[in-house]
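Some notes on the structure that comes next.
The values are calculated or read from the model by the stated rules, or taken from the named source; none is laboratory data. Just so it is clear, the model here is predicted, and its values are computed rather than measured. Cβ: placed from backbone, ideal geometry, glycine included. Neighbour counts: every protein chain shown.
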Amino acid sequence: MQNSKNIEFNTETLELVNRIISRYPEGRQKSAILPVLHIAQSENSGWLSSETMDYVACLLQIQPIEVYEVASFYSMFNLQPVGNCMIEVCQTGPCWLNGAEDILAHFEKRLGIKPGETTADGQFSLKTVECLAACGNAPVIQVGTEYHEKMTTGKADELLEKWQSENKCSHTNPYL
Ligand code: FES
């Protein structure tokens, strides 16, 4: 799936989606909505367009509104285009107490963007999120399927350099 027009998964992805749906009893295919949304987002450059969500509704044989309400509830789903690297900074108590504010401020300064924004070259987006469930190693950030724990501004610089030199980050499909 390359864009939000003419949405259609390729055969491999469609087989995967059907395998996931088949885990649930007949008539309960909506239970597969979270993994299918993750796959759809990964296949659509890291975000869910309304056309993509409509396609997911079609696959799950449910109403589009049922997909919209789930996709708009969880912070891991993006409803607008995002950069190649989506940097998610945890801002909940334990991370905040351990320097998340400094980490966020550092990314803001280095990238010249605020949470909810994307760099002009389309490479990075920044977002604040609630607890990433790794509080013991706060402060924590998530980028695609990667967690980076005990973050420091030095680590942030190293990661930015790596992502910039590789010219990519991961919208990796966690189910493939
Ligand atoms: S508070 Fe940041 S991972 Fe839990």
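Structure data summary
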| read-out | value |
| --- | --- |
| Among residues of the range 140-154, those that are surrounded by 17 or more Cβ atoms within 10 Å (Cβ to Cβ) and polar (S, T, N, Q), counted | 1 |
| Residue that is surrounded by the most Cβ atoms within 10 Å (Cβ to Cβ), among those in the range 83-103 that are within 12 Å of the ligand (Cβ to nearest atom) and aliphatic (A, V, I, L, M) | Val89 |
| Residues (more than 16 Å from the ligand (Cβ to nearest atom) and of a type in the set (Lys, Arg)) located in the range 124-170 | Lys162, Lys168 |
| Residue ranges of helices (runs of 4 or more DSSP H) in the range 58-139 with at least 2 members under 20 Å from the mean Cα position of the chain (by Cα) and either of a type in the set (A, V, I, L, M) or outside the structural domain of Leu159 (by TED's automatic domain parsing) (or both) | 64-71, 100-111 |
| Criterion violated by Gly112 - all others in (1) touching a Ser or Thr at 6+ places or on another chain (Cβ under 8 Å); (2) on the phi < 0 side of the Ramachandran plot; (3) away from the ligand (no atom under 16 Å from the Cβ) satisfied | (2) |
| Those residues of the range 140-154 which are among the charged types (D, E, K, R) and either outside the structural domain of Asn98 (by TED's automatic domain parsing) or not in a strand (DSSP E or B) (or both), in sequence order | Glu149, Lys150 |
| Positions within the range 104-127 being touching a helix residue (DSSP H, G or I) at 6+ places or on another chain (Cβ under 8 Å) and surrounded by fewer than 18 Cβ atoms within 10 Å (Cβ to Cβ), in sequence order | Arg110, Lys114, Pro115, Thr119, Gln123 |
